[in-house]
1. With (1) within 27 Å of residue A:461 (Cβ to Cβ); (2) more than 23 Å from the chain's Cα centre (by Cα); (3) of a type in the set (Asp, Glu) as the list, and residue A:339 as the residue in question, which single condition is left unmet?
2. Here are some residues: B:208, B:236. Which one is modelled with pLDDT of 95 or more and surrounded by 20 or more Cβ atoms within 10 Å (Cβ to Cβ)?
3. Specify which of the listed residues (A:21, A:95) is within 14 Å of chain B (Cβ to nearest Cβ) and either touching a helix residue (DSSP H, G or I) at 6+ places or on another chain (Cβ under 9 Å) or open to solvent by less than 10 Å² (accessible area, probe 1.4 Å) (or both).
4. Tell me which of these residue B:243 doesn't satisfy, since it passes every other one: (1) away from every other protein chain (no Cβ under 14 Å); (2) free of Cβ contacts under 8 Å to residues at least 40 places away in the same chain.
5. Within segment A:378-413, how many residues turn out to be in a helix (DSSP H, G or I) and open to solvent by 40 Å² or more (accessible area, probe 1.4 Å)?
6. Among the listed residues B:214, B:231, which satisfies the condition of being away from chain A (no Cβ under 14 Å) and either assigned to a helix (DSSP H, G or I) or over 16 Å from residue A:94 (Cβ atoms) (or both)?
7. Looking at residue A:436 and the list (1) surrounded by 20 or more Cβ atoms within 10 Å (Cβ to Cβ); (2) in a helix (DSSP H, G or I), which single condition is not satisfied?
8. How many of the residues making up segment A:339-377 are farther than 14 Å from residue A:409 by Cα, of a type outside the set (D, E, K, R) and either in contact with a helix residue (DSSP H, G or I) (Cβ under 8 Å, 6 or more places away or on another chain) or not in a loop (DSSP other than H, G, I, E, B) (or both)?
Amino acid sequence: MAKELLEVKNISKAYTGVQALDNVSISIKRGEIHCLVGENGSGKSTLTKIIAGVVKADEGEIIINGRFYQNLHAIDSIREGIQVIYQDLSLFPNLSVAENISLNQMIERKSKLISWKDVTNTARTELKNIREKLDLGEKVEDISMASRQIVAICRALTQGAKLIIMDEPTSALTKTEIDSLFSVILDLKRKGISTLFISHKISEVLEISEKVTILRDGRKVGEYSIDELDNDKLIFLMTGKKIAYPRFKYKEKEHHEKMLLEVRDLSKRGNFENVNFKLRSGEILGITGLLGSGRTELALSLFGLNKADSGEIYIDGKQVKINSTQDAVKLRISYLPEDRLSQGLFIEQSISNNIIITILRKILNRLRLISNIKRENSINKWSKELEIKTPSLEAAAQSLSGGNQQRVVLARWLATNPKVFILDCPTIGIDIASKSNIYSIIRDLANAGMGIILISDEIPEALQNCNRILVMSKGRIVKKIDDASSITEDELFNIVGKKELNKVG
Amino acid sequence: MKKKIKRIFSHSEIYLFFIIIIFSIILTSINPSFLTLENLFDLIKSSAGMGILAVGFFIVLLSGGIDVSFTAIAIAGQYISANVLMATGVDNIYLAFLISCSVGILLGAINGLLISVFKLPTLIVTLGTLSAFHGALLAFVGTKAINTAELPDCFKVFGHNNIFVLTRADGTSYGLSVYALILLGVVIMSWLILKYTMLGRGIHAIGGNRDSAVRAGFNIVGIQFFIYCYVGFLAGIMGVMHISLLRYSNPMYIVGTELGVIAAVVLGGARITGGTGSIIGTLLGVVMISILEKNLVLMGLSSYWHQLFVGLIIIISVSITSYQNKRRGIRSLTFR
């Protein structure tokens, strides 16, 4: 038997003019934990789909278990033991753990009837196989995200998986859950099952993988074994440049220390506790912490979407109540949500409609109808200001790239002329060039006197762009860094929880 | 063991069961004749048809769809079969069922085709077909009511058929109608399909997560097509039961009772968004709605209150589902 489980050679794929993959090769050995890393749009998902047989490559060949495939179909891929666990896991929330694990296998066997004994046995065997315990009768909607991952992995195993491709599996997991997922992956390795782990989180990649393949703009940058890599090198390889933005400096004197926002003892049960901080005009305050640390919950509370139980909020020194988004907008607080597709944009509406949605009241004419002239003026102003690149402003927002979409959302909120602007992970899924563009927009806004709260799970992003940083963990502010220039990336990494991460494995 | 008990109480059916018990105790204290075998038999006979419609609607709801046209299908099956029997002079209840169920399956197939193949939204399609089926029945088949004298005997005989008969002290007798058997048959058949066939699990799966069901390899088109045909089939059965119970047929009947059935099903714990619920819950919902309907007068309320309650039950049930989703949404930080 060949040592290589999967060999993908010189794959190219173009979508209507865009070269998604250009001459990419990757090979995965039996039992290997291989990471596929790259920025968004680097071709990771296209490559995954080609391996899964869902998308056909234009050129190149695929060899699985020594068998040569010119034209890999999804069914071949599954028969060869390749299983993809998509980000949404594709589980059935209303069905039991046992059934979720066994159902695919039964469909594949073309069974017409169900033997519940088989369902339970299959599930029990697979769980035992990876030494995990779950209540088989429980519905999937009632179990944690981490347990759902386990269910998805078991389901893959029922179909004789030899290679499990996990697409960003950690994005919805807490620290401890990631740890246990990693121990499952190591267990799979012991059984000779390979894992292709797709991620853009450097720390995870460095921790779990043996081999790393890096993609950038559809091309393979290289394949490295893990001891050849460190944090900086990996970032450099992923992005193609040493990212050395000048750090943001707060210009104290210019703004006379004007206090925009103050939060005292803000608590919400199960979300965050006793949060205290101040935000001055012209500041960029970073809030970082792992998923589940309470950072997004806090931001939502400040925007009226997640009413706090107790505590006080002051705007310009006056105590205020923020019970709804209307309250927040009236107080000139804006919030850029983490998930711009589902929470930020009217994706099917035109770009221009997306921009003016927040300021409809300001562009009315004397008859209280929308004034076309005012509408055009606002749209032109903001699309120019934020350099939104599009052939037509009347095109649907979904036609834009990630970076441009984010600019549309930014434009919309900037049009309301906010005093306090909360940005929740504004650069997720955005290419490097647009990223730095968005950073410079944020800085300009701060320099013009706006108070900005930048929530980020990317440590370098927080360090470069913020003058002060709050680190949250389990709903509490565990560390306040008053001068972000005084701390290095590694130090901040350690505070946020990298140390904990390194213990496993 | 503790876990088992906890799981039993996590089902909403158990609460509905207790509510029915409490409600029955109250009714019995007002009118002792409520808790008699005779009354129970009567309740079963008069609500069996609704129960069958409810089972059908429950299956649609389980798959994440909605069907409001089943009442039009039921009356179409009933009225056409009665008319055919009268026109041909064949006095056979099996033929009546055959015709009514065929009409039901045919009309159901139209729904199924529009929904599964053309992928149209279920509520809008069935709202449309509700009106279209009923309109077509009135326009092409007729609007004339069939009175008891005209009605073929087989219906009347069938309506009086009992599984067994008990005799009261005064010598008169009462019995358990054969309707109970039909309902039981439908319940068992539906339960077997839902629980022990891949088709049934597919119905659960589509209602739980349609995209996942596609990826898992379920034949979505086929499953959906089946569901709407099956609902039509059940509506056809109900149509014949209904005419045999009333010994009279009016093509304006049955249509308009959709909401009562929908209320029963959502009361029974089926989520309006699909994926959850049980046949037991559905039956309990039917029992509750039927008791309510028949005993409002007993409680000193006019029968119009029934309409009010049906509306409130639907709104409250949907609110509970929405609230639960919202709480789940807050946990995963998505809003609305």
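1. Status for residue A:339: all satisfied but (2).
2. Criteria check complete, one pass: B:236.
3. Exactly one of A:21, A:95 is within 14 Å of chain B (Cβ to nearest Cβ) and either touching a helix residue (DSSP H, G or I) at 6+ places or on another chain (Cβ under 9 Å) or open to solvent by less than 10 Å² (accessible area, probe 1.4 Å) (or both), namely A:95.
4. Here residue B:243 clears every test but (2).
5. Going through segment A:378-413 one residue at a time, the tally reaches 6.
6. Result of the check over B:214, B:231: B:231.
7. (1)
8. So the count comes out to 9.
The values are calculated or read from the model by the stated rules, or taken from the named source; none is laboratory data. All values derive from a computational prediction rather than experimental measurement. Backbone-built Cβ (ideal geometry, glycine too); neighbour counts: all protein chains shown. Heavy atoms of the whole protein, side chains included, go into the accessibility calculation; ligands, DNA and RNA do not. Shrake-Rupley method; radii C 1.70, N 1.55, O 1.52, S 1.80 Å.
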